[in-house]
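The values are calculated or read from the model by the stated rules, or taken from the named source; none is laboratory data. The shown structure was predicted, so the numbers you read here are calculated from the model rather than taken from an experiment. Cβ: placed from backbone, ideal geometry, glycine included. Neighbour counts: every protein chain shown.
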């Protein structure tokens, strides 16, 4: 039996022969590709997707978790103004797969309190991570595990003093070997741990608007050895006394602090508002303060020795002192008897005539 064929004609052109079964196959393939494309390039109903700039934004949607149905083409993801209190392991795995192209992740203002271990393990290409304006209480040591390409980490206004100190001391930041910029502005930190500067690639460190009164000499030595780093220190309440001597000397001889010309003293009162670089060495009172302290100590020791010697002299001469006191008392008594006798004579007129 001859095969049935479909013939198509258009004017006088040559006929084309199209079998029916291949046509059905092509339709199936096209439908499947459309389905896959929709799945891969689909957008979560909680977010806005802009494929032309490879950006997805999920703003002010009161989300409690990061949406799981992100398009695989996303390179910039902004999830802000939500109620995501915890970032769990694999929080950014979408439909069971990694976001291989995601390079920028902005998570500011989400009330995040806890970041568990391996929370960002599905983001192998991430270069910028913004966790600003959250309420971080605990960050796991392995929270940033897998972020080998991360260049920028922003933790501005996210930490209290105690939490900031605990977080910085963990191994999490130390493992970010490619980190070039670390932002810690507005965290009320009054001291800095040395472990914060483990990365040799760090080029920018933002410590503005904290509670730093001085910077320890050990940390200044680390900064001076790492010549490529730029440190921003403006809007800190520096105490311009002896404790600031190391920082003052470093600022006067380095270009690693771009805002050095704007640093001001917060105390003591006589120097309040004074530019740090306008200070003179004698304004810090380092040598005088030490000398005054030593002088008071020596004076106290000398007075104590004099007191002990005086007491010993009194003790060793107690008998002579007692005899001397008795003699003085007897002499005083004799003198008083004479005065008393003369008073009686003067008081009686008859005795006065007899005396005459």
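Summary table below
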read-out	value
Criterion violated by residue 253 - all others in (1) loosely packed, with under 14 Cβ neighbours inside 10 Å; (2) at pLDDT below 90 satisfied	(2)
Unmet requirement for residue 224, which otherwise passes all of (1) modelled with pLDDT of 85 or more; (2) buried (at least 18 other Cβ atoms within 10 Å of the Cβ)	(2)
Any chance residue 63 is modelled with pLDDT of 95 or more, on the phi < 0 side of the Ramachandran plot, in contact with a strand residue (DSSP E or B) (Cβ under 8 Å, 6 or more places away or on another chain) and in the same structural domain as residue 143 (by TED's automatic domain parsing)	no
Residues of segment 52-104 that turn out to be free of Cβ contacts under 8 Å to residues at least 24 places away in the same chain, surrounded by fewer than 14 Cβ atoms within 10 Å (Cβ to Cβ) and either within 19 Å of residue 125 (Cβ to Cβ) or in contact with a helix residue (DSSP H, G or I) (Cβ under 6 Å, 6 or more places away or on another chain) (or both), as a count	2
Only one of 104, 55 that is assigned by TED's automatic domain parsing to the domain that holds residue 157 and under 29 Å from the mean Cα position of the chain (by Cα)	104
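Each row is one residue, and each column tells you yes or no for (1) crowded, with 20+ Cβ neighbours inside 10 Å; (2) part of a helix (DSSP H, G or I); (3) more than 17 Å from the chain's Cα centre (by Cα).
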{"site": "188", "(1), (2), (3)": "no, no, no"}
{"site": "201", "(1), (2), (3)": "no, no, yes"}
{"site": "209", "(1), (2), (3)": "no, no, no"}
{"site": "214", "(1), (2), (3)": "yes, no, no"}
{"site": "228", "(1), (2), (3)": "no, no, yes"}
{"site": "243", "(1), (2), (3)": "no, yes, yes"}
